[in-house]
Amino acid sequence: MYGYQLRLEFEASTGSTWPLNVGQVYTTLGRLERDGLVRAVDTAEEGQRTYAITDAGRAEVRAWFATPVSRESPPRDELAIKLALAVNAPGVDVPAVIQAQRTATVEALQAYTRLKSASADGDLSWLLVVDSLIFAAEAEVRWLDHCETRLVRHRRPDRRPITGTADVTGRQEARR
Amino acid sequence: MSDPVLVLRNVTRVHGVGETRVHALRGVSLTVSAGELVAVMGPSGSGKTTLLTLAGGLDAPTEGEVMVEGTVLGDLSRKALAGLRRRSLGYVFQDLNLIPALTAAENVMLPRELDGVPARTARDEAAAALEQVGIAVLADRFPDDMSGGQQQRVAIARALIGDRRLVLADEPTGALDSETGEAVLRLLRARCDAGAAGILVTHEARHAGWADRVVFLRDGVVADQTRPPDVVESLLADNTST
């Protein structure tokens, strides 16, 4: 297989959800060749190099499939950061922030669902990717619901006219 | 918008009196057109189920009006309302309300028989409805001899029989596994694509994803709703391509 074919295969499986730069593919192939995981078998007249996987490469792929994806360092989550900051920032209507996000996330979910229903007999790989987007969006909505409930429980005391004690309690809780 | 099947106009529903007065809905307006599936989401106590029972004529608003296919439900006699409910409305409830002593086909044809349709016609319609939900072969089984997913399909067939124009669903996927649940949503979606109007009450965003529009209820009012698909699609186009 040569680089362009690899890119096509990847994008067919993932529905182009994560577009791949063809330059990136060639750089990666170069590194794999350096590490002995693939070897160049042929160079076509147009200069396309065809690669084949080596035994070491096969072992590496098997190991990759067998190893769970690391959850150790959570990726940056702008939404979690936004809400974490919003609850302590002055003048921010947190329920409004939550609702605006919920609507936007459900809209994305509707769009993914339309993609899915349009390809009912579609490619299994692609369906799994769309489902992954759908479940992630659903989880986000559930988390937003949870945040809202938590906020109501937390905020109830200091919704009243501010008294000394309510203020102190509010701050202590916010610091936890 | 194509022809509205359900119109809620400024609907308020108050339960109880005096100190125990609860506003389940306050001035809610909602139009659902033929071919449209609208999902209603909101926390418990937000008025979702009240909205559905009002839309289905199972309860009457304290203020405002509910119209189904141009008829104001409040203007109808009890008998006329019951007739309209049987002919125009299909319900899928959380608890399926299948009658254990009747077979799948008999459960599905029951509303038609009550409506005075000849048994033979009702039986044919039931067979067609069961076919539509993919369980034609189970027509003579009793609910107890079916899986949860199969029973759910029977309940949906019963809601669809006789070409109902308005389908009301309250958490229709119940405790089904995610794939069977999705099949149920696909059915509801297909029914709306074929020209019915649908309301789906759910707390699961994944199910609301099948709707054309999602309405968020909060404390008895519409807090927000999603924008039309074409607007959203153009915004998403930057991030996701097909």
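Just so you know, all these numbers are worked out from the coordinates, no wet-lab data involved. Only a predicted model underlies this, so the values are computations on that prediction, with no experimental measurement involved. Quick reminder, even Gly has a Cβ in these numbers, built from the backbone with ideal geometry, and neighbours come from all protein chains shown.
Worth a mention:
- Segments B:125-134, A:44-53, B:210-219 sorted - mean Cβ within 10 Å per residue, highest first: B:210-219, B:125-134, A:44-53
- Within chain B, DSSP assigns beta bridges of which about 55% are antiparallel (rounded to the nearest 5).
- Sites B:ALA80 and B:GLU113, calculated FRET efficiency, Cβ-Cβ separation with R0 25 Å, nearest 0.05: 0.85
- Test item: Cα-centred dipole of chain A, Lys/Arg +1 and Asp/Glu -1 on Cβ, debye: 1100 debye
- Inter-chain Cβ neighbour count for B:207-216, averaged per residue, equals 5 (cutoff 10 Å, partner chain atoms only).
- Each semi-axis of the equivalent ellipsoid for the protein assembly as shown is √(5λ) with λ an eigenvalue of the Cα gyration tensor; in descending order they amount to 46, 34, 18 Å.
- Kirkwood Rh (inverse of mean 1/r, distinct Cα pairs), the stretch A:3-66, angstrom: 12.7 Å
- Mean residue ellipticity (222 nm) of chain B, computed from DSSP H runs ≥ 4 via -39,500 (n - 2.57), nearest 500: -10500 deg cm²/dmol
- Three principal axis lengths of the stretch A:15-157 [C-alpha, angstrom, descending]: 73, 36, 29
- In a reduced charge model with +1 at each Lys and Arg Cβ and -1 at each Asp and Glu Cβ, the stretch A:3-66 shows a dipole moment near 220 debye about its Cα centre.
- The protein assembly as shown - share of DSSP beta bridges that are antiparallel (%, nearest 5): 60 percent
- Radius, Kirkwood style, for the stretch A:28-100 when every pair of distinct Cα atoms is counted (Å): 17.0 Å
- Shielding by partners - mean other protein chain Cβ count within 10 Å, residues of B:187-193: 1
- Share of Cα-Cα pairs in the stretch B:130-242 lying beyond 18 Å, as whole percent: 58 percent
- Global size of chain B: 18.3, 57 Å for Rg and Dmax (C-alpha atoms, Rg to one decimal, Dmax whole).
- Other protein chain C-beta atoms within 10 Å of residue C-beta, averaged over B:199-206: 4.
- As a calculated quantity, the FRET efficiency between A:TRP64 and A:ARG39 at R0 = 25 Å, using C-beta atoms, amounts to about 0.85.
- Only Lys, Arg (+1) and Asp, Glu (-1) charged, at Cβ; the stretch B:71-174 dipole about Cα centre in debye: 420 debye
- Per-residue packing, averaged as other Cβ atoms within 10 Å, sorts the ranges A:129-139, A:76-86 into the order A:129-139, A:76-86, beginning with the highest.
- Candidate aspartates and glutamates - alpha carbon under 17 Å from A:LYS116, same-chain residues fewer than 8 apart omitted: A:GLU11, A:GLU107, A:ASP131, A:GLU138, B:GLU179, B:GLU182, B:ASP193, B:ASP212, B:ASP230, B:GLU233
- Of B:GLY220, B:PHE93, B:GLY70, farthest towards positive along the dipole that unit charges on Lys, Arg, Asp, Glu beta carbons give chain B: B:GLY70
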